[in-house]
Amino acid sequence: MKRVYLFLLFLSLSAPVTEAANPLTSRFKTPHETIPFNKIKNEHFIPAFDESCKQLNEEVKAIIRNPAPPTLENTIIAIERSGSLLERVSSIFYGLLDTENDDELLEIAQTISPQMSVCRHNIYLNDTLFARVKTVYERRKILNLSTEDSRLLQKTYNTFFDKGANLSPENKDRYRELSIELDLLELKFNHNVLKDENCYELSITDKKDMAGIPEEVAEAAATEAKNREMEGWLFTLSELSYVPFMKYAENRDLREKMYRAKMNVGNNNNEYDNKEIVRKIVNIRLEIARMMGFKHYAAYVLKDRMAKNEENVTKLLQNLLDNYKSLAVNEYNTIQGFALGTENADEFTVMPWDWTYHSEKVKSRYFKMNDEMTRPYFELERVRQGMFNLATKLYGLTFRENKKIPVYNADVKAYEVFDRKGNYMAVLYTDFLQRPGKMSGAWMNSFQEQYVDEKEKDHRPHVAIVMNFARPTASKLSLLTYSEVETLLHEFGHALHGISSKCMYESLSGTNVKPDFVELPSQLMENWLKEKEFLDQFAVHYETGEKIPSYIVQKLVDATNFNIGYRCCRQVSLSLLDMAWHTITEPFDEDFEEFERKACAPAVVLPDVPNTLLSTSFGHIFSGEDYAAGYYGYKWAEVLEADAFAAFEEAGIFSKAVATSFYDNILSKGDTDDPNRLYIRFRCQQPTIEALLQRNGLASNLMKR
């Protein structure tokens, strides 16, 4: 089933509009039929949703009324190819909701959410349609299907089953109610996080409170204050503001203030409080899982993931703790000892708001390394070109800006992508700069998935990379931190996954893979950032043109595993919290803080801070379903990517043979086969944790497991 069925609507909020009146429902007369963003207005969306849903309903009726016996072609593939207009409208709307958000778009989103659920249920809970799907599925062993056709059939059947097609009539009615409520709650959760986070401002007017803050960060804070017509410097809870403040600010009281604000987003007992929303979400998910015949929500979703079940997730997380927890404790003791000396105190306990600050001091002392040393070598435009050059060197892809392709904001650039033979592959939008109305963070977005239609036309993907880098000023270019470049390469890996797709069906193409597999291409790309041979292609000083010195690169390598134990335990703690919420077997009615503290305890290293709560802003698992009972996927994929990069290291980091194998077996395949089989075809072996431990300097722990 297409991913768009998560966004299906059945609207009658306005009269149908003619093609000429609405650019969303007209043929796109643009290069590569890209979205005519310059013609689209908010008022076009509801009529476009209305029209596209009517088309979908007619397409589904035609499948149901077909007098011929159900076949792969007239049922499974027909369902797959239905709703193309709705796919278009949904991808545009939700792409803009994340990048160009305003109150009107948010109101549209809140209005259509219930209708999404209604229309989705009209598809998945239709007995006649499911009977046709089931007939084909039960004959699968005698149909002599290709691997991809078999995969599509299995995925379609599983989706119908997971969406309640096999339930009794009474349970179907209850499932409809729960799903509609859940969709609204997840939307409200995300809205509350954004609003509550935006409520907080740390205004500084006394220059002494800016002690330790680098010039680059101070200038951005001053600009933010000026933009809001305030004096001095302004810090917010956005990552671009919060992270450097916690890393550099000498004023401990202000660091604590910022930390507590960040750790209580959605937990302030105001109109944006998320506690009851979290309670309702986990209880609804539990009820749905039980309805489907599973003991808890994790069992319901993990059956279709690489991990398969709760036991395998637990095994992975425990394996990581066995290897990293003692190291993390030693790291804490090192930072604690350093802090005691620098604070000139007989007693001083490193608290969570001290950790990043003192860790940066220790890192600087031992490795003579900080962000300001590398920032001059990472000018945004050069980084962009270096990123493109890496894709050229590995996979033969080239990128050419096309200014005739409409964009949704003046910050955005559009590139045509070509393969090594010069064949058109995709359109890539880059949206790098922070601005009002744009969701914080970084992500890859797909405006059009790759697929082959019934006329054998290959529809190539249109994808976007969205970041939140500081805007250049009148006096300075946009200079990135090492971490920001790493994040950019991560999202570029997702984009390459979409760009390289060579699949028949849209629901199987590109990044439409299992959530614990999707992070492999993205995390793999980060590895090249520590390679001098790669850095020399773009990392030059923005003023002098000098290549990044070898000693700085060596410092980056030396510092790679700094606090690696803590970082691993932090990710494991989040995974444990996610699994705790989704392995409850009775409706949740406990104390939030106590539940969270108990769940995270095995992986916690820093002292506990009462009256804080992470769950109320844990958007990965509560603002949608992709990472619910799936946050472990980041660590699962890290095991894969460490093993995968070891293949490059063995043959050469730019090995064409290894890159071609990765491209042919992973990047281009989407979800056309089991990811375990795809990975083994690439690597010629099962992935193991050894490569990750080796990279993290824990090879000596191998014999202890």
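The values are calculated or read from the model by the stated rules, or taken from the named source; none is laboratory data. All values reported here derive from a predicted model rather than from experimental measurement. Cβ placement follows ideal geometry from the backbone for every residue including glycine, while neighbour counts extend to all protein chains displayed. With ligands, DNA and RNA removed, areas are computed over all heavy atoms of the protein, side chains included. Shrake-Rupley method; radii C 1.70, N 1.55, O 1.52, S 1.80 Å.
Specify whether the C-alpha gyration tensor of segment 77-122 places it in the rounded, prolate or oblate class, a ≥ b ≥ c being the square roots of the eigenvalues: rounded for a/c under 1.5, otherwise prolate if a/b is larger than b/c and oblate if not. Because a/c hits 1.5 or more and a/b fails to exceed b/c, segment 77-122 counts as oblate. In this label model, ASN312 and ARG81 are separated by 3.4 nm, measuring between points 7 Å along each Cα→Cβ vector. Axis angle, to the nearest 10 degrees, between helix 310-343 and the longest C-alpha principal axis of the chain: 20 degrees. Largest accessible area first, the residues ILE499, ILE142 order themselves as ILE142, ILE499 under a 1.4 Å probe with ligands, DNA and RNA left out.
Coupling constants for segment 112-124 follow from the phi torsions by the Karplus curve (6.51 cos²θ - 1.76 cosθ + 1.60, θ = phi - 60°), and in residue order they are 7, 4, x, 5, 4, 4, 4, 5, 4, 5, 5, 8, 6 Hz; glycine and proline get x. Here the chain is treated as a Stokes sphere of Kirkwood radius computed over C-alpha pairs; at 37 °C and 0.692 mPa s its diffusion coefficient rounds to 122 µm²/s.
Of the beta bridges in the chain, as assigned by DSSP with both residues counted there, near 80 percent are antiparallel. Taking amide H as placed 1.01 Å from N in the peptide plane, ALA426 has its amide H under 5 Å from the amide H of VAL417, each at least 5 places away in sequence or on another chain. In a fully extended conformation the segment linking SER483 and LYS303 would gain 61.4 nm over its present Cα-Cα distance, using 0.36 nm per residue. Backbone amide hydrogens, once placed in the peptide plane, bring TYR451 within less than 5 Å of HIS459, excluding anything fewer than 5 places away on its chain. Cross-link partners of LYS363 among aspartates and glutamates, defined as those whose alpha carbon lies under 12 angstrom from its own and excluding same-chain residues fewer than eight positions apart: GLU331, ASP371, ASP558.
Once the piece of chain linking SER364 and HIS620 is laid out straight, how much longer is it, given 0.36 nm per residue of separation minus the C-alpha distance between them?
Here the answer is 88.9 nm.
Annotation: amide H-H contacts under 5 Å for SER478 (H modelled 1.01 Å from N, sequence separation of 5 or more, or interchain): LEU380. Along its three principal directions, the equivalent ellipsoid of segment 396-451 from the Cα gyration tensor extends over semi-axes of 24, 13, 10 Å, largest first.
Counting only protein heavy atoms, what percent of the accessible surface of the chain is carbon or sulfur at a 1.4 Å probe?
About 49 percent, which is the carbon plus sulfur part of the accessible surface.
Cα-based radius of gyration for segment 550-643, normalised by 2.2 N^0.38 Å, reads 1.31.
Ordering 400-413, 297-310 by mean Cβ neighbour count within 10 Å, with the highest value first, yields 297-310, 400-413. Karplus-based coupling profile of segment 349-359, in residue order and whole Hz: 10, 5, 9, x, 7, 9, 4, 5, 4, 6, 4, with θ = phi - 60° in 6.51 cos²θ - 1.76 cosθ + 1.60 and x standing for Gly or Pro. In straight-distance terms, cross-link reach from LYS404 covers every one of the aspartates and glutamates whose alpha-carbon lies under 15 Å from its own, apart from those fewer than eight places away in the same chain; here that gives GLU33, GLU416. Just check segment 9-151 against the gyration tensor rule for me: Cα atoms, a ≥ b ≥ c as the square roots of the eigenvalues, rounded for a/c under 1.5, and otherwise prolate or oblate depending on whether a/b exceeds b/c. The shape class here is prolate. Here r is the Cβ-Cβ distance between THR147 and GLU690 and R0 is 30 Å; the resulting FRET efficiency, rounded to 0.05, is 0.50. Against the longest principal axis of the chain, how steep is helix 564-582, in degrees 0 to 90 to the nearest 10, with axes from Cα atoms? Result, in degrees: 40. Backbone phi angles across segment 676-693, fed through the Karplus curve with coefficients 6.51, -1.76 and 1.60 (θ = phi - 60°), yield HN-Hα couplings of 4, 5, 4, 5, 5, 4, 6, 9, 6, 6, 6, x, 10, 7, 4, 5, 5, 5 Hz in residue order; Gly and Pro are listed as x.
Assuming a viscosity of 1.567 mPa s and a temperature of 4 °C, what translational diffusion coefficient in µm² per second does Stokes-Einstein assign to segment 154-247, Rh being the Kirkwood radius over Cα pairs? Working shown, then result.
Numbers: Rh = 17.2 Å.
Value of D from the Cα-based Kirkwood radius: 75 µm²/s.
Two numbers describe the Cα atoms of segment 368-412: Rg and Dmax, which are 14.7, 46 Å. Under the simplified labelling scheme, the SER326-ASN409 pair shows an inter-label distance of 4.8 nm, with each label point 7 Å from Cα along Cα→Cβ. Expressed to the nearest 5 percent, the antiparallel share of DSSP beta bridges inside segment 425-560 is 55 percent. Measuring spread by the Cα atoms of segment 325-476 yields a radius of gyration and Dmax of 22.7, 77 Å. Using a cut-off of 12 Å between beta-carbons, work out the net charge of the residues near LEU167 (Lys and Arg +1, Asp and Glu -1, LEU167 not included). Overall, the nearby charge balance is +1. Among the protein heavy atoms, those of TYR566 account for about 50 Å² of accessible surface (1.4 Å probe, every chain in place). The alpha carbon radius of gyration of segment 302-371, expressed as a multiple of 2.2 N^0.38 Å, is 1.60. Cross-link partners of LYS403 among lysines, defined as those whose alpha carbon lies under 28 angstrom from its own and excluding same-chain residues fewer than eight positions apart: LYS29, LYS39, LYS41, LYS393, LYS413, LYS421, LYS438, LYS457, LYS476, LYS502. Spatially, segment 356-423 and segment 537-590 are offset by 18 Å when compared through their Cα centroids. A convex hull fitted around the alpha carbon atoms of segment 413-509 yields 126 Å³ per residue. In this simple spin-label approximation, ARG400 and THR135 carry label points 7 Å from Cα along the Cα→Cβ vector, and these lie 5.0 nm apart. With just the Cα atoms defining each centre, how far is segment 201-268 from segment 145-193? Give it in Å. Segment 201-268 and segment 145-193 have Cα centres separated by 42 Å.
Taking segment 287-352 as the region of interest, the number of lysine pairs whose Cα atoms are within less than 18 Å, with members eight or more places apart or on different chains, is 4. Report note on the peptides 33-39, 351-357, 590-596: ranked by the mean count of other C-beta atoms within 10 Å, highest first, their order is 351-357, 33-39, 590-596. On the basis of the beta-carbon distance and an R0 of 51 Å, ARG260 and THR128 show a calculated FRET efficiency of 0.35.
Helix 482-499 and the longest principal axis of the C-alpha atoms of the chain enclose an angle of approximately 20°.
Relative protection proxy for 523-531, 501-509, 63-71, from highest mean packing down: 501-509, 523-531, 63-71 (other beta-carbon atoms within 10 angstrom).
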